[in-house]
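This report refers to the structure that appears directly beneath it.
The values are calculated or read from the model by the stated rules, or taken from the named source; none is laboratory data. All figures in this text were calculated on a predicted structure; none of them were measured in a lab. Glycine gets a Cβ as well: all are built from the backbone with ideal geometry, and neighbour counts include every protein chain shown.
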Amino acid sequence: MKSPFLNRLALAASVMLIGGSALAQVKIAYIDPLSGPFANVGEAGLKGFKEAAEILVNQKGGIMGQKLEINGFDNKGSPQETQLQLKAAIDQGYRFVTLGNGSGAAHSLIDAVNKWNARNPDKTVLFFNYAAVDPTLTNEKCSFWHFRFDANTEMKMEAISNFMEKDKTIKKLFIIGQDYAHGHQVAKYTKEMLAAKRKDIKIVGEDLHPIGRVKDFAPYIAKIKASGADTVMTGNWGNDLSLLIKAAKDAGLKARFFTYYAGGLGTPQAMGAAGENLVLQLTEWHMNVPTKNTEKFALDFNKKYPGVWFYYLRVNNMVEMVAKAMNTAKSTDPKAVALALEDMRFQNDTGEVWMRKSDHQAMQPLYISIFSKADGKTVKHDSEGTGYGWKTLATISQRDSQLPTSCIMERP
Amino acid sequence: MEFVAISLLNGITYGLLLFMLSSGLTLIFSMMGILNFAHASFYMLGAYFAYQISSWVGFWPGLLVAPLLVGAVGAAVERYGLRRAHRFGHVAELLFTFGLAFVVEEVVHLIWGKVAVDYRIPAELDGTLFTLFDTSFPIYKGFMMLISVGMLVALYALLTRTRIGLIIQAALTKPDMVEALGHNVPRIFMLVFGGGTALAGLAGVIGGNAFVTEPGMAAAVGSIVFVIVVVGGLGSLGGAFVASLLIGCIQTFSVALSISITDVFALAGVSLPAGSQVARLTITQLAPVLPYLLMVAILIFRPRGLMGARES
């Protein structure tokens, strides 16, 4: 009594079954804001991940013949939603997750992953952190199931404060940040380190504003101006940074800005010519660091996704290191991957990236650069089509960026 | 001195934008008794329409066309949605506008995506208008003030100096009488609703590029608009104007005050236990909450608002 239609259906189903197992994939869940005030940041990151997986892994043979696939899960930037999205990803069979935006969300995820792994030792999950920089994640709260591929705030502030130590033009500093873990940490380390290195710098103001909610920073800029600050330190990211700098430009504030994230995601466009020689950033890479492959990768990326600009070298590092760990371990079991990733030394375009075993914090060269007119030579490439790009002022070697950790890791 | 002057200018600019939003809301409430929860959604629609139009033919046509389009959408919503919901009472109306806000947000997601769109200030308005002391004041902020004040004058003239304004005012208090005199009150309601939403749309056109045009922009201003309407007095245009400027200035100046809760209580002669989290909060950190505290205080001590005519 079989109809031809049912026959065909059965055939199609069996083909799909076979096809499905032959094309088994290694999947990473990208849990980050894909809606809300930081959706632009999340979207740009996801494009970077997909491109890196395709070019750097899949086109080079994949992971033991399997393809690496990275899919987005929208946590709306919220710690609660992060836990729901982790649950959704685990239910869909994901064993690897990555998150970068917001230390609040990262704290939530590290707790949830630890708890899950304690209860489900046969179905563990591994968390790759590409951008949440709260130092506690690799100190007090360090976890065997967490790896960080970006330098943390303590390391970044060490580099920035060393740079400030030598710059005697800095006399009055204003600290402005987002009112959550990250903003608090930036303020804390800025004050601590400058107190030790440059007692003469006066902290003339310190403000924390609600994250993602301020659309007009003019009142804050008026306050910075009234304080007489010549330098501003901020860890802001996404629209919180581009709107801050836009307001500074509108009010004609001539203070220098030390930032973590001015290099991308709309901020160069927001400052334009007004940022020349006033805005600095500390990053693991920028377009004018001479590199062999990354430059081409970035140019191709920018051409492929008009309006989005390649920004995260650490995403490429992460994707390549994770693939290498899986290939070395000959396994996609999270615990085996974690063991292979520990203590890995990976040669990338800017030097060696070392994943320290004691706290799972990546060590890599860092660059301090300033927004300058593109001249085709030292400032070869401009940023986001503005005619201005980043010029390296200082390079911090991987060795110099290392700081001790207080991590006491519980190992399975 | 410089700081006070600049902050005052910033506060007034922001306050005027808030007034553009709240005037439509309070007008609709006073005429039709509808608390339009979707009002801020029309503000968002104004910004997105203006973005779309400006990407085709430039900013200036958008400034004119976008509010008219938003008004047309608003009128259609009244004619085909609210008027039906009205038959089932105020709760149905409230729920209708509440649902509408979500629908608009989802439609915006579908058409323009979840990421902010690149809606920019036109080149001819990008620059410095004047320099006060040492701080420059952008042309665009001056332009925003000009539009808001122009709208205020036009609205006042329309309501007090024209025939349609007289009928609107009459329908406000005595709709049955106006209807008995042969005026089409439902059509007036539709016009008022369309006009009110068009004002929100206009605010969106000039607010969208001054700040950020994104799907969350409606939710960001939605609650503050209600605060203004309550503080000013439900249904009072003058009250909304005063309350808008007041809240604009409160939000701007509270950012400036670095004193903590402890200091505030010390002024009143009360000393708080040192070291607690609450005691260390500064006024700057409290800035986002202050308008809501003001609303609660007003509701307790003067429920009809600053200039409200009736207790409701």
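Data table
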read-out: Boolean, A:Ser242 is hydroxyl-bearing (Ser, Thr, Tyr), under 26 Å from the mean Cα position of the chain (by Cα) and not assigned by TED's automatic domain parsing to the domain that holds A:Asn101; value: yes
read-out: Unique residue being under 18 Å from the mean Cα position of the chain (by Cα), away from chain B (no Cβ under 14 Å) and under 24 Å from A:Ile28 (Cβ atoms) when the list is A:Asp122, A:Asp150, A:Asp111; value: A:Asp150
read-out: Filtered residues of region A:380-412 (kept if β-branched (Val, Ile, Thr) and at pLDDT 90 or above); value: A:Thr392, A:Thr395, A:Ile396, A:Thr405, A:Ile408
read-out: Failed criterion for B:Leu68 (all others in (1) away from every other protein chain (no Cβ under 14 Å); (2) at pLDDT below 90 hold); value: (2)
read-out: All positions within region B:211-221 that are buried (at least 20 other Cβ atoms within 10 Å of the Cβ) and either part of a helix (DSSP H, G or I) or β-branched (Val, Ile, Thr) (or both); value: B:Val212, B:Thr213, B:Met217, B:Ala218, B:Val221
read-out: Meets criteria (within 17 Å of the chain's Cα centre (by Cα), away from chain B (no Cβ under 14 Å), of a type outside the set (A, V, I, L, M) and assigned to a loop (DSSP other than H, G, I, E, B)) for A:Trp309; value: no
read-out: Every residue from region A:51-84 that is over 19 Å from the mean Cα position of the chain (by Cα), under 25 Å from A:Lys115 (Cα atoms) and not charged (D, E, K, R); value: A:Gln80, A:Gln83, A:Leu84
read-out: Selection from region B:225-266 of residues that are under 27 Å from B:Arg280 (Cβ atoms), surrounded by fewer than 24 Cβ atoms within 10 Å (Cβ to Cβ) and either within 14 Å of chain A (Cβ to nearest Cβ) or among the hydroxyl-bearing types (Ser, Thr, Tyr) (or both); value: B:Cys249, B:Ile250, B:Gln251, B:Phe253, B:Ser254, B:Ala256, B:Leu257, B:Ser258, B:Ile259, B:Ser260, B:Thr262
read-out: Among residues of region A:63-76, those that are in a loop (DSSP other than H, G, I, E, B), over 17 Å from A:Phe127 (Cβ atoms) and in contact (Cβ under 8 Å) with a residue 12 or more places away in the chain, counted; value: 2
read-out: Some residue of region B:31-40 being at pLDDT below 90 and surrounded by fewer than 20 Cβ atoms within 10 Å (Cβ to Cβ); value: yes
read-out: Region B:1-48, residues that are more than 19 Å from B:Ala220 (Cβ to Cβ), within 13 Å of chain A (Cβ to nearest Cβ) and either in a helix (DSSP H, G or I) or without any contact (Cβ under 8 Å) to a residue 60 or more places away in the chain (or both); value: B:Glu2, B:Phe3, B:Val4, B:Ala5, B:Ile6, B:Ser7, B:Leu8, B:Leu9, B:Ile12
read-out: Number of the condition not met by A:Lys168 [criteria: (1) without any contact (Cβ under 8 Å) to a residue 24 or more places away in the chain; (2) crowded, with 23+ Cβ neighbours inside 10 Å]; value: (2)
read-out: Meets criteria (within 19 Å of the chain's Cα centre (by Cα), more than 23 Å from B:Leu159 (Cβ to Cβ), assigned to a helix (DSSP H, G or I) and modelled with pLDDT under 95) for B:Phe98; value: yes
